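**Student:** Sharing a structure below in structure tokens format, with a few things to ask.
Bear in mind these aren't lab numbers, they're just calculated from the coordinates by the rules spelled out. For clarity, every value in this text was computed on a predicted model and none was experimentally measured. Cβ coordinates were reconstructed from backbone atoms using ideal geometry, including for glycine residues, and neighbour counts include every protein chain displayed.
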Amino acid sequence: MKKNISSLVKNKSKMNYDLDLLKDMYKKMLLIRRFEEKAGQLYGMGKIGGFCHLYIGQEAVVVGIQSAQMEGDSIVTSYRDHGHMIACDMDPKGVMAELTGREDGYSKGKGGSMHMFSREKGFFGGHGIVAAQVPIGAGLAFAHKYNMNNNVCITYFGDGAANQGQVYESYNIASLWQLPVIFVIENNKYGMGTSVNRSSAGDNLSDRGKAYGIESEIVDGMDIIAVREAAIKAIEYCRLGKGPYILEMKTYRYRGHSMSDPAKYRTRDEVEQIRKTSDPIENIKVLLNKMGVVDKVLKDIDVEIKSIIADAAKFAQDSPEPSPSELYTDITIN
Amino acid sequence: MTIEILMPALSPTMEEGTLAKWLVNEGDSISSGDLIAEIETDKATMEVEAVDDGKIGQLLVPAGTEGVKVNTPIALLIDSTELPHTSIKTIADKPYLEKEKITTELKIKKPVKLEPNSSIITVREALRNAMAEEMRSDKKVFVMGEEVAEYQGAYKVTQGLLDEFGNKRVYDTPITEHGFAGIGIGAAFGNLKPIIEFMTFNFAMQAMDQIINSAAKTLYMSGGQMGCPIVFRGPNGAASRVAAQHSQCYASWYSHCPGLKVVSPWSSKDAKGLLKSAIRDPDPVIFLENEVMYGQSFSCPDDDDFLVPIGQANIEKEGSDVTIIAFSIMVGKSLEAADILNEKGIKAEVINLRSLRPLDTETIINSVKKTNRAVTCEEGFPFAGIGAEISAAINENAFDWLDAPVKRVTGKDVPMPYAANLEKLALPQVDDIVNACTEVCYKR
Ligand SMILES: Cc1ncc(C[n+]2csc(CCOP(=O)(O)OP(=O)(O)O)c2C)c(N)n1
Ligand SMILES: [Mg+2]
């Protein structure tokens, strides 16, 4: 599955990558990783409460797909949502302030880690019930089609979520009505403590679209170039009005399911192995090096990102708690 | 520069832990993501990862130290390339202010009184024992749910069941509530006795149709042929800071429906006795637990045949001035309130409902006839809640005995907010019960 770097370099002309794009993708992945590390750290300090699901290891999926989107496309995902928000350019300060439950958070502190939204950036949440976002994504795609705006909806869900009935109800309708939705299965091998092979019958989750006549592809989700390439193809297919598309991203989460998961269902070795051999950020770093970007430049990027994150963390702790009157706002519109 | 590595919080409710083991030595170079230590919390042993790159200068807390408070420096990281303003230290300089307790968890650290032929065990252990005992005595009983087997339960309630009973009796399901609830119901129609664990009752909403339309109504629709002996159990209500989609009390939802029995334990004794009754019961029983209560200890009878009958409330504390009617976690809060009221000269009687349907109206009415005043307590929303039902029952049966209108203490009529301060406002607190009781006693 894993492409080696030299083949990526060879593919470069075909993919018409320019260095700036690669650098941008590197930056964004790093921004997500550093954000998540900081979130983990603030959780450890008791500044963030409740459930907090980190995206570390999966960065290439969302950043690669985002690089293939256009203005106006919509995105919807689960509770493991920090990376998706940063990828669609939501402000790390607002995201972090939501994590600390403060007034300047994207949901005024009322949603927390799992529930953030930005209509402006086309980010439709942040959903806590496994697979609930899948029909919602098909519905957003329905609206795109209805409004004839040529946009698509990227609907992310996990391997565990892929077993929920509402996924197949969505597949059926999306295919029947040719909705412009890309179902992205982020297959990180585990749904909480259950590995895919203990929860899912059949060989590949992506195969399950076949019964509904939905095109699909399995992608190395640790390789951002492969992700982007597949996303370009899928999104173009959708925009042409050919109906939905399934991308199964083989990826991996390095941390526990949430902060309180001891992760005894896998070996330390398994995690280390993947980290060493297929880390998405290390992968693109090697590619950038090969393309002549020197370590000093990468180091400078790292320093810049660390300061963005430090600012976000400070902002998130300085922002006041929401006013008690917020308890009763936003329940109904009138 | 040097950075202090601090004792991390590893769950929403952790305040201290045991530094079980160091995975690094002084002088080791580490980078972000490396495992540095193992820490035991109340729920699990967790591995801790380094956040920054650098070299371990000194281990400040030796391995094996118990009771290390969250945010205590445990090691020094030297030669860190970290920018000064991002260091853990700088941020930690601020006092650790937000970690106020949202719930009243373990606030009453009164010593637990050991009753005869009993042991002091947690609610979690009581639930596990109840299942294990019933599984030993009845081969038809099996357990099914998400993470109940190999993971030992998302909240460790089914710990050890897989080891003892094997994979023919304990099943990990995919995340498919509507499907496995229906499969459980079918198995019950087929004369088995399933215990279905919902990781939390928030996810049982996915299965609502099967629970109501299939489990609750089939006996009636089949003219009495098709009983459904099944238990649906799991944590209900608010945990801590898990926001609107994960913090809801479903007591009034299920209690609304004929065909279901609905119970909700408070203590270990309730948990064991009620769960065993629920498993033996020929009807579908909704068993509403509470995550915050899992770790609390109570005296619990050892007897394998100890049962708490469904439909029987318990008077946890006798009093003459006002009746407080509560269930689940609110019983503990009501007892705390009763202590405070006692100091103010108000003697409160506290009723632990234990069953919501059938409701023990008799115990409630007898108490109200004695005290002439009533306050209901629940975590759920006020509108059409359990308190509304109890209030109606009192109106119908003891109107002439009332000296004041019945008051309801409930969760606020809003989805659960995430922010610590708002969550605290949304949940009913001990003070709310105290105030409601003082009001109905016209002491204010
Ligand atoms: C309907 C429902 N059931 C159970 C849960 C509890 N839960 C939260 S995440 C999760 C695992 C989901 O795994 P997966 O879909 O693979 O996503 P990942 O966490 O790996 O990103 C479970 C069981 C839930 N939130 N909603
Ligand atoms: Mg997964």
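**Student:** Kindly list the residues of the range B:257-286 that lie in the label zone of B:ALA384, defined by a backbone N under 11 Å from the point 7 Å along the Cα-to-C-beta vector.
**Tutor:** From the range B:257-286, the list is B:257.
**Student:** What average number of partner chain Cβ atoms lie no more than 10 Å from the Cβ of the residues making up A:256-264?
**Tutor:** 6
**Student:** Which residue, A:VAL303, A:VAL61, A:VAL184, has the most motion in a Gaussian network model of chain A that connects Cα atoms within less than 10 Å?
**Tutor:** Looking only at A:VAL303, A:VAL61, A:VAL184, the largest GNM fluctuation is found for A:VAL303.
**Student:** Report, in order of residue number, the helices in chain A meeting two criteria: a C-alpha extent of 20 Å or more along the helix axis, and a mean Kyte-Doolittle hydropathy of at least -0.5; treat each whole DSSP H run as one helix. Walk me through the numbers on the way to the answer.
**Tutor:** Numbers: long enough: A:19-44 (37 Å, -0.38); A:224-239 (22 Å, 0.67); A:295-318 (34 Å, -0.03).
Helices meeting the criterion: A:19-44, A:224-239, A:295-318.
**Student:** Describe numerically, in nm with one decimal, the distance between label points set 7 Å from Cα along Cα→Cβ at B:ASN397 and at A:ASP311.
**Tutor:** Between B:ASN397 and A:ASP311, the label points sit 6.5 nm apart.
**Student:** On to the next question. Roughly how big is chain A's charge dipole about its Cα centre, with Cβ charges of +1 (Lys, Arg) and -1 (Asp, Glu), in debye to the nearest 20?
**Tutor:** 720
**Student:** Continuing with the same structure: On a 0 to 90 degree scale, rounded to 10, what angle separates helix B:268-280 from the longest Cα axis of chain B?
**Tutor:** Helix B:268-280 sits roughly 60 degrees off the main axis of chain B.
**Student:** Which angle between 0 and 90 degrees, to the nearest 10, do you get for helix B:361-371 versus the longest principal axis of chain B when only C-alpha atoms count?
**Tutor:** Value to nearest ten degrees: 90.
**Student:** Shielding by partners for A:154-163, please: the mean number of other protein chain Cβ atoms within 10 Å of each residue's Cβ.
**Tutor:** 2
**Student:** Work out the FRET efficiency for B:ASP209 and A:SER195 from their Cβ-Cβ distance, taking R0 = 35 Å, and round it to the nearest 0.05.
**Tutor:** On the way: r = 29 Å, r/R0 = 0.84.
Efficiency for this residue pair is about 0.75.
**Student:** Please list, in order along the range B:410-417, the HN-Hα scalar couplings obtained from phi with the Karplus expression 6.51 cos²θ - 1.76 cosθ + 1.60 (θ = phi - 60°), rounded to whole Hz, x for Gly and Pro.
**Tutor:** 9, x, 5, 7, 9, x, 5, x
**Student:** Picking from B:VAL148, A:SER118, A:ILE246, whose Cα lies most toward the positive end of the charge dipole for the protein assembly as shown (charges on Cβ: Lys, Arg +1; Asp, Glu -1)?
**Tutor:** Farthest towards the positive pole: A:ILE246.
**Student:** What range in chain B is the longest one free of chymotrypsin sites (Phe, Trp or Tyr not before Pro) that are in a loop by DSSP and have at most 16 other Cβ atoms within 10 angstrom?
**Tutor:** The segment B:97-382 is the longest one with no such site.
**Student:** Continuing with the same structure: On a full-extension model of 0.36 nm per residue, what is the gain between B:LYS424 and B:ASN191, subtracting their alpha-carbon distance, rounded to one decimal in nm?
**Tutor:** Length difference between fully extended and current span is 79.4 nm.
**Student:** Taking 35 Å as R0, compute the FRET efficiency from the Cβ-Cβ separation of B:LYS443 and B:THR45 and round it to 0.05.
**Tutor:** Numbers: r = 50 Å, r/R0 = 1.43.
Calculated transfer efficiency: 0.10.
**Student:** If you don't mind, another one. Residues of the range A:298-318 with backbone nitrogen within less than 15 Å of a virtual label 7 Å along the Cα-to-Cβ line of A:GLU103, please, listed as ranges.
**Tutor:** Once the point is set 7 Å along Cα→Cβ of A:GLU103, A:315-318 turn out to lie under 15 Å by backbone N, inside the range A:298-318.
**Student:** Using Cα pairs closer than 8 Å and at least 6 residues apart in sequence, work out the relative contact order for chain B, in percent.
**Tutor:** 12
**Student:** Right, something else. With r as the distance between the Cβ atoms of A:GLU270 and B:THR18 and R0 = 22 Å, compute the FRET efficiency 1/(1 + (r/R0)^6) and round to 0.05.
**Tutor:** Efficiency computed from Cβ-Cβ geometry: 0.25.
**Student:** State the three equivalent ellipsoid semi-axes of chain B, derived from the C-alpha gyration tensor as the square roots of 5 times its eigenvalues, in descending order and whole Å.
**Tutor:** Over the Cα atoms of chain B, the ellipsoid semi-axes are 41, 29, 19 Å.
**Student:** Moving on. Could you work out the mean projected area of the convex hull around the alpha carbons of the protein assembly as shown, in square nanometres to one decimal? Display every interim value, and only then the final one.
**Tutor:** Values: hull surface 138.1 nm².
Convex hull of Cα atoms, orientation-averaged projection: 34.5 nm².
**Student:** How far apart, in nm, are the 7 Å Cα→Cβ label points at B:GLU150 and B:SER31?
**Tutor:** It works out to 3.1 nm between the two label points.
**Student:** Could you tell me how many degrees, from 0 to 90 and to the nearest 10, lie between the Cα long axis of helix B:123-137 and the main elongation axis, the longest principal axis, of the Cα atoms of chain B?
**Tutor:** 60
**Student:** On to the next question. Can you pull out the trypsin sites (Lys or Arg not before Pro) in the range A:58-145 whose DSSP state is coil and whose Cβ has at most 15 other Cβ atoms within 10 Å?
**Tutor:** Qualifying residues, ordered by number: A:ARG119.
**Student:** Another question, then. Report, largest value first, the span of the C-alpha coordinates of the range B:314-440 along each principal axis, in whole Å.
**Tutor:** Its Cα atoms span 42, 33, 24 Å along the three principal axes.
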